[in-house]
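Peer 1: Here you go, one structure.
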Amino acid sequence: MPRRLLLPPPLSACSVLRLPRARPAALPAMNAARTGYRVFSANSTAACTELAKRITERLGAELGKSVVYQETNGETRVEIKESVRGQDIFIIQTIPRDVNTAVMELLIMAYALKTACARNIIGVIPYFPYSKQSKMRKRGSIVCKLLASMLAKAGLTHIITMDLHQKEIQGFFSFPVDNLRASPFLLQYIQEEIPNYRNAVIVAKSPDAAKRAQSYAERLRLGLAVIHGEAQCTELDMDDGRHSPPMVKNATVHPGLELPLMMAKEKPPITVVGDVGGRIAIIVDDIIDDVESFVAAAEILKERGAYKIYVMATHGILSAEAPRLIEESSIDEVVVTNTVPHELQKLQCPKIKTVDISLILCEAIRRIHNGESMAYLFRNITVDD
């Protein structure tokens, strides 16, 4: 008898064919550092990385792995040695004497991080370069505005800086700018390191610095003095080019057009508005670079009876012969912060003292990364400060 081939019954309309369920593949573990942050230094010289090391030590973090160097033909090369995808990146860039090289290092590193898919790129630039070129002068240019555009194009999304030369510079940027203040650290130095500071007077070496000096004087409850005018030059000094180009005698003027003549400015002889006799004079400013004006101010204050003279500034650039001129002058001490490296100048002149401001930069980095308010760092700071 032939065997029958047993077939499965036909599927009805309500039957469902159940296949064995495949096991889902295990997903890779989420990277905990994906939403973290990294701190990089864009400087190619060891002396300029000191501030970055101080900040990372306070944060309890390691400095990001990167290589920044100059090739034999002078070009700047930057190599990022670790993954930065999806992270907040803080680039700490202190500005040495070679300003243009430092600017290119910052731009190239920012662009390298941008192409490496960093989430946010925040530049920590304590001293912002070209800040003195923030106004139009005749046929010049506003270089600070150009630099702001270049930083935005390179990929920066935020900047932390300190004591901009002109607060209006913040308007040059298309992204947020936090302009921190070094005055709390300098005020603390005055109270703790200057003996008998209650017998001091805060001095502005020019009317332009009067607002800053007034802020210090009001916070310390001290008097205020302002130096006004300039030293009168002799006839032999008149040929120094300050009146060039010479006035054009046969200037072409439209017939019938007579414009009122603008009178030339003439500064009065140098005077000190305020009493400094028998007092400690503390000159305050934001930048100390060429020190001739500070040395001249110190001589005037000595003549007016000040028995000790201090100079306080945020950014100690101290270029050219500044250390030698300070050492030979009537200035007793120059106090600056470490926004700009000046270890070499300190070796040349023991009168130069340094105040560390890495604490406020560290706190700014922490708050920005955590999305916290920055208002705490600007407490009791007014518009004129």
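The values are calculated or read from the model by the stated rules, or taken from the named source; none is laboratory data. What you see is a predicted model, and the numbers here were worked out from it, not measured in a lab. Each accessible area value is taken on the protein alone, full model and side chains, heavy atoms only, with ligands, DNA and RNA left out. Shrake-Rupley method; radii C 1.70, N 1.55, O 1.52, S 1.80 Å.
Peer 1: Among the lysines, select those whose C-alpha is under 16 Å from the C-alpha of K302, and discard any that sit fewer than 8 residues away in the same chain.
Peer 2: K205
Peer 1: Using the Karplus curve 6.51 cos²θ - 1.76 cosθ + 1.60 with θ = phi - 60°, what ³J(HN,Hα) values do you get for each residue of segment 162-167, in whole Hz, with x for Gly and Pro?
Peer 2: Once θ is set to phi - 60°, the couplings for segment 162-167 become 9, 6, 4, 4, 10, 5 Hz.
Peer 1: Another question, then. Return the percentage of antiparallel bridges among DSSP beta bridges fully within segment 275-385, rounded to the nearest 5 %.
Peer 2: If we restrict to bridges inside segment 275-385, about 5 percent are antiparallel.
Peer 1: Moving on to the next point. Taking the Cα centroid of segment 121-140 and of segment 353-374, what is the distance between the two, rounded to the nearest whole Å?
Peer 2: Computed from Cα coordinates, the inter-centre distance equals 22 Å.
Peer 1: Here is a follow-up. Name the residues whose placed amide hydrogens come within less than 5 Å of the amide hydrogen of V355, ignoring near sequence neighbours (fewer than 5 apart) on the same chain.
Peer 2: Answer set, sorted by chain and number: V336, T337, N338.
Peer 1: To the nearest Å, what is the center-to-center distance of segment 145-204 and segment 281-342, using C-alpha atoms only?
Peer 2: 19
Peer 1: Run the accessible area of segment 21-180 with a 1.4 Å probe and give the carbon-and-sulfur part as a rounded percent.
Peer 2: 52
Peer 1: List the lysines whose Cα sits under 18 Å from the Cα of K135, skipping any in the same chain fewer than 8 residues away.
Peer 2: Output for K135: K145, K167.
Peer 1: Could you list which residues have their amide H under 5 Å from that of E230, counting only those 5 or more apart in sequence or on another chain, with H placed in the peptide plane?
Peer 2: The answer is I270.
Peer 1: K81: which lysines have alpha carbons under 28 Å from its alpha carbon, excluding same-chain residues fewer than 8 sequence positions away?
Peer 2: K53, K65, K114, K153
Peer 1: Oh, and also: With a 1.4 Å probe and all protein chains in place, put E266, E79, E50 in order of accessible area, largest first.
Peer 2: E266, E50, E79
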